[in-house]
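Here the structure comes first, spelled out in structure tokens, and everything after it is commentary.
The values are calculated or read from the model by the stated rules, or taken from the named source; none is laboratory data. Just so you know, these numbers come straight off a predicted model, no measurement behind them. A quick note on method: Cβ atoms are made from the backbone with ideal geometry, for glycine too, and the neighbour counts reach across all protein chains shown. All accessible areas refer to the heavy atoms of the entire protein, side chains included, with ligands and DNA or RNA removed. Shrake-Rupley method; radii C 1.70, N 1.55, O 1.52, S 1.80 Å.
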Amino acid sequence: MLVFTLRRLSLFMFTMLLLTLLSFSLNFLFPGEAIINLSGAINATPSQLIELNEAYQTHRNFFWQYMTYLSHIINGDLGLSMASQSDISTEIVNLLPATIELSLVALLIAMLVGIPLGFIAAIKHNKLTDNLILSVSMLGYSVPVFWLGLLAILAFSINLGWFPSAGQISLLFEIELVTGIQFIDILLSDSPYKWQAFSDATAHIILPACVIAVAPATIFIRLARTSMIEVLETNYIRAASAKGLTFQQIIFRHAIRNALIRIIRHVGLQFANLVTIAMVTEVIFSWPGIGRWLIESIYQRDYTAIQSGLLVLSCFIFIVHILTDFIYAALNPLARGIKYGA
Amino acid sequence: MNLLDIRNLSIELIHDEQSILAVDKISLSMKEGEVRGLVGESGSGKSLLAQALVGVLDDKWHVHADRFHWRGIDLLHLSIEERKALLSRDIAMIFQEPMACLDPTTSIGEQLTEAIDSGQLSGFFWQRKQQRQSAAIKLLHKVGIKDHNACLSSYPHQLTEAFCQRVMIAMALARRPILLIADEPTAAMEISNEGQIFRLLASLNQLKNMSILLISHDIENITHWTNTITVMYSGQFVEAGTTTQIFSKPLHPYTRALVDSSPSANLHLPAKSRLKTLPGSIPILQHLPIGCRLGPRCPRAQQACVKAPSVTNFHGHKVSCHFPLTPPSPLPKKIIKGDN
Ligand code: SF4
């Protein structure tokens, strides 16, 4: 397990190195002066500029510039937003938790819906249920998310009035920011309207999370279906049935576990996809997350914000990826051993 | 009374509206306490036959038989569930590649205890777990594994193939089977381990009077351990008889070739000369010859061979060939006619 952890850590270091290298080079590729792109100080006076040049070591070669850039990042200094001249790292700290919350809830919904449906399809392989589930998943996969989001707002918020259409929580509730994850903050707060706030926040998250979950859920259906079909054809399932176990025992004791292991490996990959969808959805549902902020920054050509936002988002995705790898290893005794290559 | 009596069992593969007769009218019978070898090249349908016996083939295979008796009970008249329940209680099976037959994500202990059927346990449900555990340990001792704790807590990939096969045998024994079907139990195993597994099976046969159907592609390898042998070729019945009959007086050209090609029969051959073998190789399922499927490779084939031969019985030595090798002196009595 130690070797496994070290491997993941070194992979993390290398990926971070590449990511920072990319975001660093973006400063030179974006139009405008590199030092302005880096710091975001568009209105800097000449004396401030000299200070900035000193801080980012622009007179030295690229290697040292990169090193100073790294040290700035490690110290939590991501520069100022060109559009609002506010500190980017505080903005990200305020916005990222909302995105984490939304995408994790969406991932949960996608898995809880997709995986069991895929298993059912695999068990009923080539029967009506299987075909039905497959066609529905095909449909869900082909629907574009912005259209689906608008449709959902139209149907569930405007016509039926079940769910609110925008925002994270009603403005009536004042929740103190502690962790940033709103549900935890609500539970931590000592407001007398705690439970009302909680149910309000739940009502707000359901619609966007479901819209995000549709496409990944269909992918999970397919993944779960193929891996279950593969598992059901393996020798150990055949041997288990020769051992006299009933079909249900085989499914619940052996097949589900082995199929889940195969799926978990792909969750990390699917998560990147999901975050992209979440960014678009955040715009539609005015969700105060980093995705909406990033898209707005792109509109405003806020280069400093774009490169920092990309860095933080990809870092987040990568951390989730590594976490799923750990879950995979915990579930799969084979991955923990020496035989595991990667 | 025969333990198992199968007459004219066929297995068809239904694929894209097409059907292929993978096993063509095989008859097989076993007595109580008997060790029977089932020999054939890979692709001869012997594993299929075994899997059909325990009922683990999936839907694309269709099995039918003229007669299927298990300890005097006609299984063809039972429903699928009843048949499966009866067979899984009395027949156990071990496979080749034992490691692939163990769930890689579940510990040996868990897999072994779940094979123990709760009917054997007495106590209340809170004592069950303990009882299962001790029953599992006893089973491991029976197959010669002494370090039971290490074994129970390990995962399949941490054990060697031979060790896994012992665990598989222990699992098979958990139901106290009357018949054990061993499908190439020692494939891909070293010689010393191979001997251990065979000795274990032989001792189980002698001590527990457990019948064993030993499936192998290597006739010489198993003659030492079997009482009787059935030979198959490309899904067709070839020859059946006692081990001595088959090995010393084969009647069928195919059995003759099998026996002749075994290394011990070739000991006196000069170095670097060719082994005696039949030309060609076993036909693939998509291109089966009509009539006797050995036809294209058979040195004795004649025109009559385009019709499948029927089984002839010479004092319990059954052979399915139009032109058997040593023509018998007394008039053979035909026991089964092929229907064409
Ligand atoms: S029936 Fe004919 S082809 Fe078949 S084994 Fe006998 S002689 Fe050969």
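So, in segment A:108-145, how many residues would count as being open to solvent by 50 Å² or more (accessible area, probe 1.4 Å) and more than 24 Å from the chain's Cα centre (by Cα)?
Result for segment A:108-145: 12.
Count, please, the residues in segment B:40-64 that happen to be over 18 Å from B:THR230 (Cα atoms) and away from chain A (no Cβ under 11 Å). Talk me through it step by step, then tell me what you get.
Start the filter on segment B:40-64 by keeping residues that are over 18 Å from B:THR230 (Cα atoms), which leaves B:54-64.
After this cut, where a residue has to be away from chain A (no Cβ under 11 Å) as well, the list is B:61-64.
So the count comes out to 4.
Select, from A:ASN27, A:ASN43, the only residue that is in contact (Cβ under 8 Å) with a residue 24 or more places away in the chain, on the phi < 0 side of the Ramachandran plot and either of a type in the set (Lys, Arg) or not in a helix (DSSP H, G or I) (or both).
A:ASN43
For B:THR242, are the conditions met, namely being closer than 23 Å to B:THR326 by Cβ, modelled with pLDDT of 85 or more and open to solvent by 50 Å² or more (accessible area, probe 1.4 Å)?
When the stated conditions are applied, B:THR242 passes them.
Residues are listed down the side, and each one gets a yes or a no for (1) away from chain A (no Cβ under 14 Å); (2) of a type outside the set (Gly, Ala, Ser); (3) open to solvent by 20 Å² or more (accessible area, probe 1.4 Å); (4) part of a helix (DSSP H, G or I):
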| site | (1), (2), (3), (4) |
| --- | --- |
| B:CYS151 | yes, yes, no, yes |
| B:HIS157 | no, yes, yes, yes |
| B:CYS164 | no, yes, no, yes |
| B:ALA170 | no, no, no, yes |
| B:PRO177 | no, yes, no, no |
| B:PRO185 | no, yes, no, no |
| B:ILE197 | yes, yes, no, yes |
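Pairs please, first residue from segment B:294-318 and under 15 Å from B:THR277 (Cα atoms), second anywhere and aromatic (Phe, Trp, Tyr), Cβ atoms under 8 Å, 6+ apart in sequence or on different chains.
B:LEU294/B:TYR233; B:LEU294/B:TYR254; B:CYS298/B:TYR254; B:ARG300/B:PHE323
Go through segment A:46-68 residue by residue and tally those that are within 15 Å of A:GLN307 (Cβ to Cβ) and assigned to a helix (DSSP H, G or I).
2
Do we find that B:ILE26 is more than 14 Å from chain A (Cβ to nearest Cβ) and either open to solvent by 20 Å² or more (accessible area, probe 1.4 Å) or β-branched (Val, Ile, Thr) (or both) in this structure?
Considered against the rule, which asks whether it is more than 14 Å from chain A (Cβ to nearest Cβ) and either open to solvent by 20 Å² or more (accessible area, probe 1.4 Å) or β-branched (Val, Ile, Thr) (or both), B:ILE26 comes out as yes.
Quick one: which residue in A:ARG222, A:ARG262 is farther than 20 Å from A:ILE92 by Cβ, surrounded by fewer than 24 Cβ atoms within 10 Å (Cβ to Cβ), within 14 Å of chain B (Cβ to nearest Cβ) and under 25 Å from the mean Cα position of the chain (by Cα)?
Details: A:ARG222 fails: within 14 Å of chain B (Cβ to nearest Cβ).
None of the other options fit; the residue is A:ARG262.
Report yes if B:ALA202 is small (Gly, Ala, Ser), within 24 Å of B:LEU49 (Cβ to Cβ), surrounded by fewer than 20 Cβ atoms within 10 Å (Cβ to Cβ) and modelled with pLDDT under 85, otherwise no.
Against the criterion (small (Gly, Ala, Ser), within 24 Å of B:LEU49 (Cβ to Cβ), surrounded by fewer than 20 Cβ atoms within 10 Å (Cβ to Cβ) and modelled with pLDDT under 85), B:ALA202 does not qualify.
Is segment B:139-147 home to any residue that is open to solvent by 20 Å² or more (accessible area, probe 1.4 Å), within 13 Å of chain A (Cβ to nearest Cβ), among the charged types (D, E, K, R) and in a loop (DSSP other than H, G, I, E, B)?
Checked against the condition, which is being open to solvent by 20 Å² or more (accessible area, probe 1.4 Å), within 13 Å of chain A (Cβ to nearest Cβ), among the charged types (D, E, K, R) and in a loop (DSSP other than H, G, I, E, B), segment B:139-147 yields no hits at all.
From A:SER241, A:SER227, A:SER199, A:SER189, which residue is in contact (Cβ under 8 Å) with a residue 24 or more places away in the chain and either open to solvent by less than 20 Å² (accessible area, probe 1.4 Å) or assigned by TED's automatic domain parsing to the domain that holds A:ALA121 (or both)?
It is A:SER227.
Looking at A:PRO216, is it more than 14 Å from every other protein chain (Cβ to nearest Cβ) and open to solvent by less than 10 Å² (accessible area, probe 1.4 Å)?
Spelling it out, A:PRO216 is indeed more than 14 Å from every other protein chain (Cβ to nearest Cβ) and open to solvent by less than 10 Å² (accessible area, probe 1.4 Å).
From A:GLU51, A:GLU33, grab the single residue that is closer than 15 Å to A:TYR303 by Cβ and more than 30 Å from the chain's Cα centre (by Cα). Explain how you work it out, then say what you get.
Numbers: A:GLU51 fails: closer than 15 Å to A:TYR303 by Cβ.
Exactly one residue qualifies, and that residue is A:GLU33.
Quick grid of which residues meet (1) in contact with a Leu (Cβ under 9 Å, 6 or more places away or on another chain); (2) open to solvent by less than 50 Å² (accessible area, probe 1.4 Å); (3) among the aliphatic types (A, V, I, L, M); (4) part of a strand (DSSP E or B):
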{"position": "B:LEU13", "(1), (2), (3), (4)": "yes, yes, yes, yes"}
{"position": "B:ALA22", "(1), (2), (3), (4)": "yes, yes, yes, yes"}
{"position": "B:LEU49", "(1), (2), (3), (4)": "yes, yes, yes, no"}
{"position": "B:ALA100", "(1), (2), (3), (4)": "no, yes, yes, no"}
{"position": "B:THR105", "(1), (2), (3), (4)": "yes, yes, no, no"}
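Can you name the residue in segment B:72-109 that is within 20 Å of B:GLN158 (Cβ to Cβ) and of a type in the set (A, V, I, L, M, F, W, C) and is also farthest from the other protein chains (Cβ to nearest Cβ) among such residues?
The extreme case among them is B:ILE108.
Can you find, within segment B:279-304, the residue that is nearest to the ligand (Cβ to nearest atom) among those that are farther than 17 Å from B:PRO253 by Cα and assigned to a helix (DSSP H, G or I)?
Top of the filtered list is B:HIS287.
If you check A:VAL105 against the conditions, is it surrounded by fewer than 19 Cβ atoms within 10 Å (Cβ to Cβ), among the aliphatic types (A, V, I, L, M) and assigned by TED's automatic domain parsing to the domain that holds A:PHE252?
Working: surrounded by fewer than 19 Cβ atoms within 10 Å (Cβ to Cβ): no; among the aliphatic types (A, V, I, L, M): yes; assigned by TED's automatic domain parsing to the domain that holds A:PHE252: yes.
No: the conditions fail for A:VAL105.
Pick out the one residue from A:ILE327, A:ILE298, A:ILE317, A:ILE306 that is part of a helix (DSSP H, G or I), closer than 29 Å to A:ALA34 by Cα and open to solvent by 50 Å² or more (accessible area, probe 1.4 Å).
Answer to the selection: A:ILE298.
Condition (residue is more than 23 Å from A:ILE88 (Cα to Cα), open to solvent by 30 Å² or more (accessible area, probe 1.4 Å) and touching a residue at least 60 places away in the same chain (Cβ under 8 Å)) applied to segment A:288-295: is it met by at least one residue? Before you say what the answer is, go through the steps one by one.
Step one: filter segment A:288-295 for residues more than 23 Å from A:ILE88 (Cα to Cα), giving none.
No, that holds for no residue.
Among the residues of segment B:234-262 satisfying the criterion of being of a type in the set (D, E, K, R) and over 17 Å from B:GLY280 (Cα atoms), which is farthest from the ligand (Cβ to nearest atom)?
Of the residues in segment B:234-262, the ones of a type in the set (D, E, K, R) are B:239, B:249, B:256, B:260.
In the following step, the residues that additionally are over 17 Å from B:GLY280 (Cα atoms) were identified as B:239, B:249.
Working: B:GLU239: 10, B:LYS249: 16 Å.
The extreme case among them is B:LYS249.
Out of all the residues in segment A:240-257, which are facing chain B (nearest Cβ under 7 Å) and touching a Ser or Thr at 6+ places or on another chain (Cβ under 7 Å)?
Passing the criteria: A:GLY244, A:HIS254, A:ARG257.
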